[in-house]
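Here is the structure we will look at, set down as structure tokens.
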Amino acid sequence: MNPMYITFGIYLVAVLLIGLAAYFSTRNFDDYILGGRSLGPFVTAMSAGASDMSGWLLMGLPGAIYASGLIEAWIAIGLTIGAYFNWLLVSGRLRVHTELNNNALTLPEYFAHRFGEHGKLMKVVSAAIILFFFTIYCASGIVAGARLFQSLFEGMSYETAMWLGAGATIIYTFIGGFLAVSWTDTLQASLMIFALILAPVMVYLALGGAAEMNAAIAQAATQSGVQYSQLFPTEGAGWLAAISAAAWGLGYFGQPHILARFMAAESVKSLHSARRIGMTWMILCLGGAVAVGYFGIAYFGANPADVGALAGKKERIFIALTTLLFNPWIVGIILSAILAAVMSTLSCQLLLCSSAITEDFYKGFLRPNAPQKELVWIGRIMVLAVAVIAILIAADPESKVLQLVEFAWAGFGAAFGPIVIPSLFWKRMTANGALAGMIAGAAVVVLWVQVVNPALANAGMATLYEIIPGFIACGLTTVVVSLAGKAPAEEICQRFEKADADYRAAK
């Protein structure tokens, strides 16, 4: 009858009941994959935020701040800027363009109809990129869930924790599809903001105030040699690290799970309200995550006897502070928020992988005339298949949540971002340009991680976040190849102009 277990259990039951309710509201494949384009502004905003901010928000980011100080806060700054421009420039236009382009339900399908030529090849390439990077992204969520269950249930093996952490997410995604994912995201986003505001406040109060906190951080900096309070670097390598951290913001324009929320909104006008709600939520959550890591430096500096709560893993900083400072009932709610962050992102990633296989491979090539019920069940089976592969990738107990996320985030940002943006603004863009850019962006990201950054590190030089060269490669390739080839067909240009006019009229 541990209060922590009871509140944790209530949360799990709640999300499963939401999944069951969504099951009865899912009538066809459109509902299962995109919720029938019926999401209101509040659910759109909360779902976009929760699906974006996975377990790394409550584990990876606070852990990075705790290890290196405020220099890592450039991740939060870059993400905030990138998210704002994604809402401002992409959300409404994408909502209109996807509906006019054969009511596209997925990003690969949108690309195929938007550019006209090489439709099947466009679907295959973009769907393959989605499957590759999302399976790695899913693995990061499973690792974060396993870390949480190990913290909650003392003595539990990593393998058992991994299966338990993934199990509930797989079940409600399997049952309820997009509606279950979006509705649970709203609950999960509420839990996350509650935890990320309350936790730093409690740490601050436990330290006794600003003077005590600053003194503890200064002492920790003296002992470790790390300048924890330094936001702006003082040398070239530091600036390169800050630029790499801020470059996370570039990734927003190409994340299929976030773009799907824009596509599912009920109208362009609803996205204006959603942007205000979503950005407010995001700023509060990112600020809270940074504060948890930074205040944690002071807390464990002032209370070295409590360092054992970290179990040697900096990513446990949020969990450790919660269990040390809160009543067990509140601990259960806050730990549920960590699981909420994991589940919200993992569920939408599983669904996006399922939609890529079902819509872009199965329906596109094997069964073009498959009935809706068959497509829904194929989608559910694909959720299970992708989940199993992600669990196999996550099987290494030494996996780092933030490292897995940053690689997948860079892959999507570089492969799709420089394609999505011009596809909504530039009618001269061609199918060949989009294909070449997509491949170049993904290839450069993989090459940079596997070859270039290790070579730079071995030479004692500063490394660069792979999204930067990947984004540049994709953008330049897209423009050069588009301009070198013949202009798109008149029909494609007319459809683009109609979508552009419809968007302006709907604003």
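The values are calculated or read from the model by the stated rules, or taken from the named source; none is laboratory data. The model shown is predicted, which means the values in this text are computed figures rather than measured ones. Methodologically, a virtual Cβ is constructed for each residue, glycine included, from the backbone with ideal geometry; neighbour enumeration extends over all protein chains shown. Side chains are part of the model used for accessible areas, which takes the heavy atoms of the whole protein and leaves out ligands, DNA and RNA. Shrake-Rupley method; radii C 1.70, N 1.55, O 1.52, S 1.80 Å.
Structural descriptor for the range 187-292: relative contact order 50 percent, calculated from alpha carbon pairs under 8 angstrom and at least 6 residues apart. Working from Cα pairs under 8 Å separated by at least six residues, relative contact order for the chain is 31 percent. When all alpha carbon pairs of the range 47-193 are counted in 10 Å bins from zero, the resulting P(r) reads 9, 26, 37, 21, 7, 0 %. Enter the Cα centre distance for the pair the range 268-306 and the range 201-239, rounded to the nearest angstrom. About 17 Å separates the Cα centre of the range 268-306 from the one of the range 201-239. Using the Cβ of residue 307 as centre and a radius below 12 Å, the other residues enclosed give a net charge of +2, where K and R count +1 and D and E count -1.
Using only Cα atoms, tell me the angle between helix 210-224 and the longest principal axis of the chain; keep it within 0 to 90° and round to the nearest 10. So the inclination is approximately 90 degrees.
With Cβ to Cβ distances under 11 Å as the rule, what net charge do the other residues near residue 413 carry (K, R +1; D, E -1)?
-2
In this calculation the C-beta distance from residue 219 to residue 472 is compared with R0 = 51 Å, giving a FRET efficiency of 0.75.
Convex hull volume of the Cα atoms of the range 108-249, normalised per residue: 223 Å³. Extent of the range 286-432 along its three principal axes (Cα atoms, max minus min coordinate, largest first): 64, 38, 27 Å.
Computed from label points 7 Å out along Cα-Cβ, the spacing between residue 306 and residue 10 is 2.5 nm.
Semi-axis lengths, largest first, of the ellipsoid equivalent to the chain are 37, 27, 20 Å, with √(5λ) applied to each eigenvalue of the Cα gyration tensor.
A 1.4 Å probe over all protein chains sorts 461, 343 by accessible area into 461, 343, starting with the largest. Normalised by the number of residues in the range 140-222, the average gap of Cα pairs under 8 Å and 6 or more apart makes the relative contact order 16 percent. Phi-derived couplings, Karplus 6.51 cos²θ - 1.76 cosθ + 1.60 at θ = phi - 60°, listed residue by residue for the range 183-190: 5, 5, 4, 5, 5, 5, 5, 5 Hz, with x used for Gly and Pro. Once the chain from residue 462 to residue 506 is taken as fully extended at 0.36 nm per residue, the excess over their C-alpha distance is 11.1 nm. Kirkwood Rh over Cα pairs of the range 134-217 into Stokes-Einstein at 10 °C, 1.306 mPa s: D in µm²/s? Once the numbers are plugged in, D ends up at 102 µm²/s. Taking every protein chain into account, the 1.4 Å probe leaves residue 157 with about 50 Å² of accessible area, to the nearest ten. Accessible-area rank, largest first, for 398, 315: 398, 315, with all protein chains present and a 1.4 angstrom probe.
Kindly express, to the nearest 10 degrees and within the range 0 to 90, the angle between helix 467-484's C-alpha long axis and the longest C-alpha principal axis of the chain. The answer is roughly 10 degrees.
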